[in-house]
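Working notes for the structure below.
What follows draws every value from the coordinates through simple rules; no lab data is involved. Bear in mind the structure is a predicted one, so any value in this text is a computation, not a measurement. Every residue, glycine as well, gets a Cβ built from its backbone with ideal geometry; the counts of neighbours run over all protein chains shown.
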Amino acid sequence: MLRRKVAFLARRLWLPSTLAVFIALLYWPSLSLPLSFDDAWSVRLVRDFTLVDLFTRTQNFGYYRPIYLAYYKLAALAGAHGPLLLHALCIAAHAANALLLIKFIPATLGGRTVGLAFSATFLFTLNPFAVQAVALPAGLNHLLALLFIQLAVLAYDRARQPMHAYRRAAWWVSCLGLCMLAFLSNEIGLSVVGFVLAYEAVRLRQARCWPLAAARTWPVIGMAAGYMVVYALIPKGAAPEFVFSVEGVLTRALTALQTLTYPLTLLVAPLQLSAEAGVLLASVLLAVACLFARRDQESGGLLAGALIFAASVAVPVMRLATGYVQNAPRIFYVSGVGTAMLWAWLAGALAAQLPPSLARAATAAAIAAIGLAGAWHVREHQSFLARASEPVSAIARAGAALAPDETLLAVNAPEWIAPPQRRFPMFYEGAIVLADYVDGSDLVLANAGFIRRVQLAQLALPHDPTRPYAFQPFGDLLDLAQLHNASRVLQTHYLPDGPRTTWLGGATAQRHSQVEVSFASGLALVRHHIQPCREGWVASLQWRGAPSARELTPTLSAFVQVLDANGAKLTQNDGAPLDGLLPFAQLPHDRDIVDRRMLIAPGAVSATLHVGLYDYATGERLPATDARGARLDGDALALTLPPLDPGVACW
């Protein structure tokens with residue numbers, strides 16, 4: 001008997017277990033991503049909240065989302081492990097939603113629809129537009145909203161079954177309670193009305209009794225309407241600015257349609273049509289295919305999928321700003337249920353036109369092709385997110401060494417690069433993870449478990465309308481005072497393969513009275529530190545200014561050269577301190593500047609470092625003397641470099 005029970009459980013659990021493991025492996029890379037968008041801001045917001053505060057202190061971007069605040073409170077309690085906790089919750093919620101579809105779809109469609117349920121679950125799991133919602137905690141509220149919506153519909157289904165009145169009442173209470181949890185997670189939870197209407201629409205086609213079907217939905221519709229009224233009265237802070245326009249609605253509608261038609265959008269991409277024309281063509285092809293397939297097939301899956309999709313995209317299309325919609329495909333996570341149902345039905349219905357011996361294989365091949373295309377995009381986009389999040393990780397890593405009263409300055413450098421090719425052109429794929437409305441200290445918070453003062457600055461963007469500018473920098477325009485006061489200075493370059501952040505150095509107190517090298521006009525090299533690394537060395541040069549240095553030429557530069565035993569140049573890193581951001585004539589008088597320079601020379605041995613100052617316009621070197629006042633040979637400090645250290649990364 002025990003062996004039979006174990007075998008029964010194994011048969012029941014092998015598919016859900018396999019699916020859960022598959023999702024975990026697919027989204028495993030996201031566990032290492034830092035927080036992004038407004039996640040870190042939210043963690044900071046709720047750090048001191050009580051349970052009551054989650055429902056009363058709701059001034060958060062104009063929304064009322066207590067459950068949203070609750071999981072950020074958990075992240076705040078987890079400290080440095082907060083990002084990992086949120087990422088794990090995202091993966092778990094996505095797996096739970098996928099597993100629930102196996103029950104949700106048969107309950108919605110009625111009858112034996114196990115094959116369609118499994119196909120739709122597979123497609124939903126690999127939906128390419130789900131990657132942002134699952135890989136970034138910013139989408140967790142959408143995942144939870146769908147989780148509660150599915151549970152609410154399952155409870156609704158049970159409440160409609162013949163049973164004792166008290167049991168039916170219990171199921172109705174469960175249904176309405178789950179609806180409320182969906183509402184409190186995200187406004188997209190109101191889509192539960194569309195899910196329930198899809199449920200009744202399928203049965204209406206069978207029973208042809210609309211008044212009765214409509215009467216059954218009034219508790220859910222009534223609760224949703226009541227919540228909308230109360231929601232409008234709840235204080236929520238300043239709402240995002242939104243201006244309604246027909247053009248904006250049409251653009252957002254096309255953006256939503258792209259999430260429905262994406263398999264065909266990929267197929268028509270070689271035609272190189274405009275984004276709008278490509279989506280319209282794919283939509284027409286999808287409509288024609290559905291009309292052809294439904295001639296001899298049960299179309300409950302088509303009807304339910306289309307209604308669920310329409311209900312789920314209604315709020316984003318009608319009420320959100322176009323720029324936000326195109327930067328946030330996570331808002332279409334819930335509509336992925338309708339998309340998966342429609343494509344699973346279409347694949348099966350088209351395959352049914354073939355001989356029975358080929359139909360099943362054709363269905364499996366079509367579902368596999370669509371799903372694997374989605375999986376490829378999911379893995380690729382997670383890789384992009386990891387590269388795009390590099391500045392956040394660098395800020396957290398550099399900030400970990402700061403004292404609480406020290407400041408980190410992150411400088412964004414403008415880069416003219418070709419815009420990345422967009423697979424789904426209605427979306428801005430790879431939106432900048434460091435949003436301009438997030439304070440620097442919020443970026444560091446929860447990514448490394450501490451609070452530090454971080455400033456974001458940007459260099460002026462050169463005006464050149466003929467060149468494409470793919471990454472818009474953010475932050476206040478850089479000024480010299482920031483460089484004089486920041487204990488650590490980072491600079492991010494936005495390159496074709498993603499952002500790259502370098503630690504340039506920073507300001508430090510003048511603690512050393514004796515200097516290593518004195519230059520003309522009062523400049524001095526106070527001391528140095530050489531760190532060998534895997535492919536070269538990192539030279540930290542501590543410069544000190546003087547009042548007389550104000551008269552120096554702006555073309556004054558440091559030469560930092562690595563020579564081999566024969567005097568041949570292996571590498572060099574010339575320029576003013578902090579990667580040229582701070583001219584020598586503008587060095588502060590009351591603080592020293594630590595200037596970090598990367599010297600890459602793989603495989604170098606018996607190398608020597610030469611450091612000095614020269615005018616790059618004339619090539620003339622500034623006279624240099626050592627600590628004893630003796631003139632240096634070649635007006636350069638010569639240092640024997642240590643062997644390379646393969647165990648240390650160059651950063």
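Distance between the pseudo-spin-label points of T618 and A401 (7 Å out from Cα toward the beta carbon): 3.7 nm. With R₀ fixed at 56 Å, the C-beta to C-beta distance from E247 to R550 puts the FRET efficiency at about 0.50.
The protection proxy used here, the mean number of other Cβ atoms lying within 10 Å of each residue, ranks peptides 16-29, 615-628 as follows, highest first: 16-29, 615-628.
Each residue of region 148-154 is assigned a 3J(HN,Hα), and the resulting list reads 6, 5, 4, 5, 5, 5, 5 Hz, derived from the Karplus form 6.51 cos²θ - 1.76 cosθ + 1.60 (θ = phi - 60°), x at Gly and Pro. Each part gets one Cα centre, and for region 294-348 versus region 139-182 those centres are 21 Å apart.
Across region 318-330, computed HN-Hα scalar couplings (Karplus, 6.51 cos²θ - 1.76 cosθ + 1.60, θ = phi - 60°) run 8, 10, 9, 5, 4, x, 5, 4, 6, 9, 10, x, 4 Hz from first to last residue, x flagging Gly and Pro. Residue-wise HN-Hα couplings along region 274-280, as the Karplus relation 6.51 cos²θ - 1.76 cosθ + 1.60 with θ = phi - 60° gives them from phi, are 5, 4, 5, 5, x, 5, 5 Hz; Gly and Pro carry x.
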